[in-house]
Amino acid sequence: MPKQEENFAPESVWHTLTPNAAALSMPFCITEAGHFYAAESYLVERRRHESHLLLYTVSGSGRLITQDAELTLTPGSCAVIDCRSYHKYNTQLAPWNFYWVHFQGVAASAMLLVLYPARITAIAVQDTQGFTQRLEGILAQESSGTVADSMELSAQIHGLFNLLAASAVYADTNDGAHNATVAAAVEYIRAHYAEPITVDDMLRALPLSKYYFIRTFRRVMGTTPYSYLTVYRINHAKVLLRSTRQSIEQIAEDCGFRDASNFIAHFKKCIGQTPAAYRRDFGQMP
């Protein structure tokens, strides 16, 4: 190991980049990218490689193996992996027509947690045309190494992940059927945040079990219903702290916290300072 038999057709495209310090400081930067038409014998196997990898199948199929998963990448499906542990991918149904992007950057690992809160899966891309167009745009862009070029490439990869994350949420929430349910819960929170509401209150008019509701809400919103409620209350409290001379106790009550000490504890945990200190920072006396 590593084992490689990169048998691909001449019309394949392969670009390599060596990112400078500025590029590496971006959320994402590309080290290699390509569009391959791979033969039956195509195989890449590594114990470790210093990058992350996106694989997207257009036609044919490929097999992807990591230390935690074994996936089949059929047309329209995509997977993203951390290459800093064992991985292997090869043609399953030839010719395997696929795009691939090796990338690094300060947000690379965090993006994997967004895409895969539980386990790595093959994600069925919903907007295949838009996804392919973005990949073609990445391959077509000539980078001169300027900061502007690095920012543009980072934005291009971020756009890919926006489409991929939307597809992952769609698939993980019963083909998108429960997105409206989450939206209804959000509206309920916004209408009743000043009241002593609970997750059970949100669920009364919703056709989901508590477990599935919390799981779906977290997948769509990136946080739990209770955390969303707490942050929504704190955002309103911040406005009151800066725009009024109401007491901390009154603001806590107006924003739905059970008492001032509970409000102060949550505020400090979220904002990193007490409500009084926050108010002083904006020229308001406590």
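Given the options 43, 55, name the one that is closer than 28 Å to residue 216 by Cβ and either touching a residue at least 40 places away in the same chain (Cβ under 8 Å) or open to solvent by 40 Å² or more (accessible area, probe 1.4 Å) (or both).
On the way: 43 fails: closer than 28 Å to residue 216 by Cβ.
From the options 43, 55, the qualifying one is 55.
Is it the case that some residue within region 232-242 is modelled with pLDDT of 95 or more, closer than 30 Å to residue 168 by Cα and among the hydrophobic types (A, V, I, L, M, F, W, C)?
Within region 232-242 (the criterion being modelled with pLDDT of 95 or more, closer than 30 Å to residue 168 by Cα and among the hydrophobic types (A, V, I, L, M, F, W, C)), the answer is yes, since at least one residue qualifies.
Condition check ((1) open to solvent by 40 Å² or more (accessible area, probe 1.4 Å); (2) over 30 Å from the mean Cα position of the chain (by Cα)) across all residues:
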position: 216; (1), (2): no, no
position: 220; (1), (2): yes, no
position: 231; (1), (2): yes, no
position: 236; (1), (2): yes, no
position: 247; (1), (2): yes, yes
position: 251; (1), (2): no, yes
position: 271; (1), (2): yes, no
position: 275; (1), (2): no, yes
position: 282; (1), (2): yes, yes
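Would you check if residue 93 is hydrophobic (A, V, I, L, M, F, W, C), free of Cβ contacts under 8 Å to residues at least 60 places away in the same chain and closer than 18 Å to residue 65 by Cβ? Quick ask: steps written out before the conclusion?
Numbers: hydrophobic (A, V, I, L, M, F, W, C): yes; free of Cβ contacts under 8 Å to residues at least 60 places away in the same chain: yes; closer than 18 Å to residue 65 by Cβ: yes.
When the stated conditions are applied, residue 93 passes them.
Among (1) open to solvent by 30 Å² or more (accessible area, probe 1.4 Å); (2) at pLDDT 90 or above; (3) under 30 Å from residue 23 (Cβ atoms), there is one condition residue 166 misses while meeting the rest; what is its number?
It is condition (2) that residue 166 fails.
Any idea how many residues of region 193-213 are in a helix (DSSP H, G or I) and crowded, with 17+ Cβ neighbours inside 10 Å?
Going residue by residue through region 193-213, those that are in a helix (DSSP H, G or I) are 199-203, 210-213.
Checking which are crowded, with 17+ Cβ neighbours inside 10 Å leaves us with 202-203, 213.
Here the count works out to 3.
Only one residue in 134, 119 is open to solvent by 50 Å² or more (accessible area, probe 1.4 Å), farther than 26 Å from residue 11 by Cα and not in a strand (DSSP E or B). Which one?
Numbers: 134 fails: farther than 26 Å from residue 11 by Cα.
So the residue among 134, 119 that is open to solvent by 50 Å² or more (accessible area, probe 1.4 Å), farther than 26 Å from residue 11 by Cα and not in a strand (DSSP E or B) is 119.
Specify the residue that is farthest from residue 116 (Cα to Cα); the eligible residues are those in region 1-13 that are part of a loop (DSSP other than H, G, I, E, B) and of a type in the set (A, V, I, L, M, F, W, C).
Result: 9.
Six or more apart or on different chains, Cβ atoms under 7 Å: show the pairs whose first residue is in region 64-80 and closer than 19 Å to residue 132 by Cβ and among the small types (Gly, Ala, Ser) and whose second is surrounded by fewer than 17 Cβ atoms within 10 Å (Cβ to Cβ) and at pLDDT below 95.
Partner pairs satisfying both residue conditions: 76/124; 77/124.
Given the conditions (1) of a type outside the set (Asp, Glu); (2) surrounded by 17 or more Cβ atoms within 10 Å (Cβ to Cβ); (3) out of contact with any Cys (no Cβ under 8 Å at 6 or more places or on another chain), and given that residue 19 satisfies all but one, which numbered condition is not satisfied?
(3)
Does residue 266 satisfy being open to solvent by 20 Å² or more (accessible area, probe 1.4 Å) and touching a Cys at 6+ places or on another chain (Cβ under 9 Å)? Even if it seems obvious, please write down each step before you answer.
Values: open to solvent by 20 Å² or more (accessible area, probe 1.4 Å): yes; touching a Cys at 6+ places or on another chain (Cβ under 9 Å): no.
For residue 266, the condition - open to solvent by 20 Å² or more (accessible area, probe 1.4 Å) and touching a Cys at 6+ places or on another chain (Cβ under 9 Å) - is not met.
The values are calculated or read from the model by the stated rules, or taken from the named source; none is laboratory data. This structure is a prediction, so every number in the text was calculated from the model and none was measured. Here the Cβ is made from the backbone with ideal geometry for all residues, glycine too, and neighbour counts use every protein chain on show. The accessibility values were calculated without ligands, DNA or RNA, using every heavy atom of the protein model including side chains. Shrake-Rupley method; radii C 1.70, N 1.55, O 1.52, S 1.80 Å.
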